[in-house]
Amino acid sequence: MRNDLIDLKRVVLNEVSDNFRRVEEVSEQNTLKVLDAMRRLKISDAHFKTSTGYAYGDIGRDKLDELFADIFHAESALVRTQFVSGTHALATALFGILRPGDELVSLTGEPYDTLQTVIGHAVKSRGSLKEFGVGYRELPLVNGKVDLPAIKNFITPKTKLALIQRSRGYSMREPLNVGDIEKICAAVKAVNPACVTFVDNCYGEFVETREPVEVGADLAAGSLIKNIGGGLAPTGGYIVGKSDLVEEASYRLTAPGMGGELGASLSDGRLLYQGLFIAPHVTAQALKAAIFAAGIFSKLGYRTRPLPEDIRGDIIQAIELGSAARLIKFCQAIQSFSPVDSFAMPEPWDMPGYEDQVIMAAGTFVQGASIELSADGPLRKPFAVYLQGGLTFEHAAIAILAAAEALENSSL
Ligand SMILES: *Cc1c(COP(=O)(O)O)cnc(C)c1O
């Protein structure tokens with residue numbers, strides 16, 4: 001490692017120490033929240049067993065639902081490895097609740113790419129909500145922020161469900177903090193108390209001490225291979241919120257009449273429970289990685305979002321690298337400093353659903369798990385890389401400095 005970068009690491013760590021301390025405090029509080037729930041609900045070895053067939057009375061599955069509901073301050077929860085991803089959990093809730101003729105709105109501008117396919121209004125896709133006759137409107141962001149005053153006229157008595165995306169996803173907008181979500185939900189309910197407020201909670205879990213459902217969201221959903229799985233969950237997703245809404249979603253996951261009362265636990269339950277237990281700490285590792293990357297790359301002259309000193313709403317760090325060549329080099333360095341597939345060389349490719357080529361680095365134990373250190377970005381201006389995850393800060397710091405060194409050593 002170049003000496004100037006070793007010195008830079010020391011300078012940055014010193015400068016971000018207050019922000020690191022804040023992250024540690026949130027992690028302490030969330031660890032206590034999870035621990036208290038596990039003690040109260042008397043989690044034991046018996047809950048980790050696998051089950052087969054219909055799996056009626058699977059106590060491990062039912063207890064995990066209870067545990068999630070407790071931690072999220074929700075009436076009930078549906079936590080399943082049968083959800084193939086976060087998108088599947090979100091789509092299950094949307095299809096479970098919405099009926100032909102209902103209106104869905106997004107209050108956070110354009111939703112995440114994979115949800116656009118689910119909704120089917122901006123992009124044509126088979127099996128979308130649009131094909132089932134669900135209407136859709138979008139409230140554009142103003143300077144990257146939710147247009148709070150406009151909600152009053154945007155939501156109508158007919159609006160059935162309002163989608164609110166907590167994370168920036170892969171865009172340069174700001175993530176929402178839980179306080180923002182509280183204001184948005186209140187604004188919706190002031191116009192139409194029956195309108196369901198639904199938060200896409202991906203990348204937001206445990207970044208703060210409160211979660212959306214406790215500040216007025218009716219429902220939230222996300223992925224188990226991001227924050228809340230702690231890096232141990234092998235796959236899956238969750239939905240938490242009001243009992244009747246979670247129940248409607250459960251009928252879509254399995255079948256009407258069956259709901260959440262069956263479905264086998266095929267994977268080792270310990271991974272879900274233990275992953276949840278360490279998730280506040282792992283999320284803190286990922287947050288420190290993001291803060292550190294912002295510090296190093298802003299010192300090297302790159303524009304970063306958020307800035308090193310900013311308080312965060314999700315675990316994503318955007319760094320504008322300014323050219324395709326630098327974006328590629330950055331991702332290749334992160335890949336080569338990964339514990340898995342370090343020998344693979346990521347290349348830009350035409351990913352389905354994206355207009356521009358995309359490059360991705362993910363040398364992860366769980367395929368595609370973005371709570372593990374990963375980096376990606378579309379090959380278009382401003383050639384921003386989106387960096388997220390890191391099971392340990394130590395690993396993330398090594399890989400981030402390696403990426404910095406690769407860029408500094410090149411003439412790109
Ligand atoms: C990751 C993510 C999703 C879901 O993506 P999956 O890859 O299907 O888990 C949805 N919304 C946002 C904002 C995300 O970051």
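Values computed for the structure shown
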| quantity | calculated |
| --- | --- |
| Taking the chain and dividing mean pair separation by its residue count, relative contact order in percent (alpha carbons under 8 Å, at least six apart) | 18 |
| Loop-located chymotrypsin sites (Phe, Trp or Tyr not before Pro) in the range 48-104, at most 15 other Cβ atoms within 10 Å (DSSP) | TYR54, TYR56 |
| With at most 12 other Cβ atoms within 10 Å, longest stretch of the chain clear of loop trypsin sites (Lys or Arg not before Pro) (DSSP) | 159-412 |
| Pairwise Cα inverse-distance average, inverted: Kirkwood Rh of the range 50-267 (Å) | 17.4 |
| The range 50-267, dipole about Cα centre (Lys/Arg Cβ +1, Asp/Glu Cβ -1), debye to the nearest 20 | 660 |
| Ranked list, fewest to most other Cβ atoms within 10 Å of each Cβ, for ASP113, ASP7, ASP65 | ASP7, ASP113, ASP65 |
| Fully extended contour minus Cα-Cα distance, from ARG303 to ARG380, at 0.36 nm per residue | 26.2 nm |
| Fraction of beta bridges assigned by DSSP in the range 50-267 that are antiparallel (%, nearest 5) | 40 |
| Nearest-ten-degree value, helix 86-97 long axis tilted from longest Cα axis of the chain | 20 |
| 0 to 90° range, to nearest 10: angle between helix 17-40 axis and the chain longest Cα axis | 30 |
| Alpha carbon Rg of the chain, scaled by the compact-globule rule 2.2 N^0.38 Å | 0.97 |
| Restricting the range 299-394 to GluC sites (Glu not before Pro) in coil, as DSSP defines it, with at most 14 other Cβ within 10 Å | GLU309, GLU355 |
| Chymotrypsin sites (Phe, Trp or Tyr not before Pro) restricted to the range 296-386 and DSSP loop, no more than 10 other C-beta within 10 Å | PHE343 |
| Distance (nanometres) between label positions extended 7 Å along Cα→Cβ at ALA255 and GLU214 | 3.9 |
| Where labels lie 7 Å past Cα in the beta-carbon direction, separation of SER125 and ALA55 in nm | 2.6 |
| ILE6 paired with GLU75, simple spin-label distance in nm, labels 7 Å along Cα-to-beta-carbon | 6.0 |
| Net length gained if the chain between VAL340 and SER44 were fully extended (0.36 nm per residue, minus Cα distance) | 103.3 nm |
| Which of ASP58, ASP180 has the fewest Cβ neighbours within 10 Å, and the rest in rising order | ASP180, ASP58 |
| Full-stretch length increase - ASP356, ASN14 - with 0.36 nm per residue and alpha-carbon distance subtracted | 119.3 nm |
| Cross-link reach list, lysines versus LYS124, counting only Cα pairs under 23 Å and skipping chain neighbours closer than eight places | LYS160 |
| For the range 147-176 and the range 190-245, distance of Cα centres in Å | 15 |
| Residues GLU138, GLU347, GLU28 arranged by fewest to most Cβ contacts within 10 Å | GLU347, GLU28, GLU138 |
| Between the range 290-369 and the range 374-412, the alpha-carbon center distance in angstrom | 4 |
| Computed E for LYS189/LEU35 - FRET, C-beta separation, R0 30 angstrom, nearest 0.05 | 0.35 |
| Which listed pairs, of LYS33/LYS130; LYS49/LYS183; LYS42/LYS288; LYS158/LYS183; LYS33/LYS189; LYS145/LYS288, have C-alpha distances above 30 Å, in listed order | LYS33/LYS130; LYS49/LYS183; LYS42/LYS288 |
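All of the numbers you see were taken from the coordinates with simple rules; none came from a lab. Owing to the predicted nature of the structure, the values given are computational and were not obtained by experimental measurement. FYI the Cβ positions are ideal-geometry reconstructions off the backbone, even for glycines, and counts take in every protein chain you see.
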